[in-house]
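Enquirer: Supplied in C-alpha cells, the structure appears directly below.
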Amino acid sequence: MKRKIYSKLREWKDKSHGSSALLIEGARRIGKSYIVEEFARNEYDSYLLINFRTAPNDVKSWFNVYLDDIDKLLAYLQLHYNKRLSPRKSVIVFDEIQDCPKAREAIKYLVADGRFDYIETGSLVSIKKNVKDIQIPSEEYAIPMYPMDFEEFLWAMGNDMLMPFLHDSFENMEPLGQALHRKAIDLFRQYMVVGGMPQAVLRYVETKDFEAVEWSKRQILQLYRNDILKYADNAEAKVTAIFDEIPGQLQRHEKKFRLSAIDSNARMRDYEEAFFWLSDSGVVNCCYNTTEPSIGLSLNMERSTVKCYMGDTGLLISHAFNDKGSVPIEIYQKLILGKLEANIGMLVENIVAQMLKASGHKLFFYSRSSNKADERMEIDFLIRKSKVSNRHNISPIEVKSGHNYTLTSMRKCIAKYGAYLSTPYVLHDGDLCIENGIVYLPLYMTPFI
C-alpha cells in the first residue's frame, strides 16, 4: 500500500549521499519494515536486510567484535546473508534496531566508511534499556512514522481524488455541499473504525468484513501487551495499568489522565517513565497542558497534567469495547452510521489527536480552573502556526462529536487571549462554515490545519 513516507526516504537518499543513516521510528505493525524494504528494492541495485529480532547471536556479536575492522564486518554480513553489495549503489537495512543496540552504535563507523547507505527501523529506540550502554550516533537522521492517515486509507480504498478536492475546498474556505459532505464523512467514519494499522486496512479492503478487521486489531493489541512485559524493564505493572486505563480516562468529560484511578497514592513523578515508555513505543500520543496559549507552548508545558490518546483510533475501539474479548459487529455498524448510543466523544477527540500528530504538530491542550467563571475554560488542542509572527500564532481547537454543543470555553479563550490567537477552529460532523470569526471544519479536514 502506498505511503507518504516513501517520498521522505527518497529525499533523504538524494540529499544525504551516504553522509547519514536514516532512522524510521514508530509503533509496531505500522508498516516500517514493509516500506523500507520496498524502498530498498526499488531505489538501489541491491540491498541486505538484517532483522535483529530474528538474527542469530553470532551476527549481533559481530557489531561488537569487529567495530575496528569494518572490512571484515561488511564481508561477514554479505557472506552470511549471501548478498553481493556494490559501493554507493547498495543499502543495508537494520530492521528492529532496538534489539541490537551495538549495531546502532556501529552506524557512526559504517557511515564514515562510506561504502553503502544505511536505514534503521525500530520502536522503543530511546528507552533507557536500549541506549544505556551505547553512544548514540550523531550520524542518524530520524523520521517518525505513524499509522496510515486518512488520505493513505483512501488510496488503499482506490480513491485518489477525494483528498485533493477536500484540500481545495479548505484553501478556498468553501463548503462541499450536502451530497459530497455525506460521502466524505461516511469514508471518514470507515477510517475511524478500521484505523490506520496496515494489517487491519488490508483486511477491510480485501473483505469488508469487520470480524476480520477486529481479529487483526486484537492481534496487534496482544503484541503490544507482550512488548510491555518484555521491554518495560521493571515498569511492567505501571505501563500496563496506564494502558488498561486509557479508554476509561478518555471517556471522562475532561479526559485528563487521573492517576488516582490506578492508585489513590500515585504521583506523576512515579509514573512519568511509564508514560514515556508508551509514548516512545508509539502506542500512545501524550498531550500536555500548557499554562498559557502563547507562542511558547513547550516553555509553558505542565508535565503533571496529561491526556493520553491511543496512537491509532481503530485500536482504541478494539481496546474500549471488547468486554467479551472482541468488539461486536453491531458496534462497528453503528459507528459508521453515526448511531452508537454511547458517547463517542473520546473516539472523535482521539482521531483528531492522531491526525494532528501525523501532520507534525506537538500535542498541547489548555485547562484552567478558577473561581472566576470568565477564566475557567477547557480547550481541547492548541497548535502553533508553521510561520511565527509577532502576534496571533496559536490556533485553539475544539472537537465536537454531536450536533448540539456550546462553545463557552472557546469564546472565553478568544476574549481573554485574542492577542495571541490565530484562527480558532471547531472540528465537527458538519460541513465547512465560518461564523463570528470561528472556522467550523468537518473532521476530515483536520490534516489541513
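The values are calculated or read from the model by the stated rules, or taken from the named source; none is laboratory data. Treat the numbers as computed from the prediction; the structure is a model and nothing was measured. Neighbour counts are summed over all protein chains in view; Cβ atoms, including those assigned to glycine, are modelled from backbone coordinates with ideal geometry.
Enquirer: Can you tell me how many residues in the range 346-393 are within 18 Å of M310 (Cβ to Cβ), assigned to a loop (DSSP other than H, G, I, E, B) and in contact with a helix residue (DSSP H, G or I) (Cβ under 8 Å, 6 or more places away or on another chain)?
Expert: 2
Enquirer: Another question, then. Hey, does the range 138-153 have a residue that's part of a loop (DSSP other than H, G, I, E, B) and among the polar types (S, T, N, Q)?
Expert: yes
Enquirer: Taking G196, is it within 23 Å of the chain's Cα centre (by Cα) and not β-branched (V, I, T)?
Expert: Values: within 23 Å of the chain's Cα centre (by Cα): yes; not β-branched (V, I, T): yes.
When the stated conditions are applied, G196 passes them.
Enquirer: Moving to a separate point now. With respect to R88, determine if the residue is exposed (fewer than 15 other Cβ atoms within 10 Å of the Cβ) and among the basic types (K, R). Before you say what the answer is, go through the steps one by one.
Expert: Details: exposed (fewer than 15 other Cβ atoms within 10 Å of the Cβ): yes; among the basic types (K, R): yes.
Considered against the rule, which asks whether it is exposed (fewer than 15 other Cβ atoms within 10 Å of the Cβ) and among the basic types (K, R), R88 comes out as yes.
Enquirer: Starting from the range 315-344, take each residue that is without any contact (Cβ under 8 Å) to a residue 40 or more places away in the chain and in a helix (DSSP H, G or I) and list its partners that are surrounded by fewer than 16 Cβ atoms within 10 Å (Cβ to Cβ) and not hydrophobic (A, V, I, L, M, F, W, C), counting only C-beta distances under 8 angstrom and pairs at least six apart or across chains.
Expert: K334/E341
Enquirer: Any residue in the range 287-307 that is out of contact with any strand residue (DSSP E or B) (no Cβ under 9 Å at 6 or more places or on another chain), surrounded by 17 or more Cβ atoms within 10 Å (Cβ to Cβ), not aromatic (F, W, Y) and not in a loop (DSSP other than H, G, I, E, B)?
Expert: Looking for residues that are out of contact with any strand residue (DSSP E or B) (no Cβ under 9 Å at 6 or more places or on another chain), surrounded by 17 or more Cβ atoms within 10 Å (Cβ to Cβ), not aromatic (F, W, Y) and not in a loop (DSSP other than H, G, I, E, B), one finds none in the range 287-307, hence no.
Enquirer: Tell me the residue from K2, K32 that is within 28 Å of the chain's Cα centre (by Cα), buried (at least 19 other Cβ atoms within 10 Å of the Cβ) and not aliphatic (A, V, I, L, M), please.
Expert: K32
Enquirer: Which pairs have Cβ atoms under 8 Å, sit 6 or more apart or on different chains, and link a residue in the range 293-311 that is assigned by TED's automatic domain parsing to the domain that holds T240 and over 20 Å from Q249 (Cα atoms) to one that is modelled with pLDDT under 90 and of a type in the set (G, A, S)?
Expert: Once the first residue is assigned by TED's automatic domain parsing to the domain that holds T240 and over 20 Å from Q249 (Cα atoms) and sits in the range 293-311, its partners that are modelled with pLDDT under 90 and of a type in the set (G, A, S) give N300/S294.
Enquirer: Of everything in the range 211-239 that's among the polar types (S, T, N, Q) and modelled with pLDDT under 95, which residue is nearest to R269 (Cα to Cα)? Reasoning before the result, please.
Expert: Step one: of the range 211-239, the residues among the polar types (S, T, N, Q) are 216, 219, 222, 226, 234.
Still in the list and also modelled with pLDDT under 95: 226, 234.
On the way: N226: 25, N234: 16 Å.
If we take residues in the range 211-239 being among the polar types (S, T, N, Q) and modelled with pLDDT under 95, then N234 is nearest to R269 (Cα to Cα).
Enquirer: Check every one of the strands (runs of 3 or more DSSP E) wholly within the range 408-449 and list those with 1 or more residues that are of a type in the set (D, E, K, R) and more than 26 Å from the chain's Cα centre (by Cα).
Expert: 433-435
Enquirer: Considering only residues that are part of a loop (DSSP other than H, G, I, E, B) and buried (at least 16 other Cβ atoms within 10 Å of the Cβ), which ones fall in the range 230-241?
Expert: Matches in the range 230-241: A232, A235.
Enquirer: For residues that are hydrophobic (A, V, I, L, M, F, W, C) and touching a His at 6+ places or on another chain (Cβ under 9 Å), scanning just the range 392-439, find the one that is farthest from A373 (Cα to Cα).
Expert: L432
Enquirer: While we're on this one: Just to check your reading of the model, which residue among K83, K72 is in contact with a Leu (Cβ under 7 Å, 6 or more places away or on another chain), farther than 20 Å from Y141 by Cα and surrounded by fewer than 16 Cβ atoms within 10 Å (Cβ to Cβ)?
Expert: Only one candidate passes the filter, namely K83.
Enquirer: Still on this structure, I have one more. Starting from residues that are among the charged types (D, E, K, R) and crowded, with 19+ Cβ neighbours inside 10 Å, keep the ones in the range 106-121 and report whichever is farthest from G282 (Cα to Cα).
Expert: Selected residue: D117.
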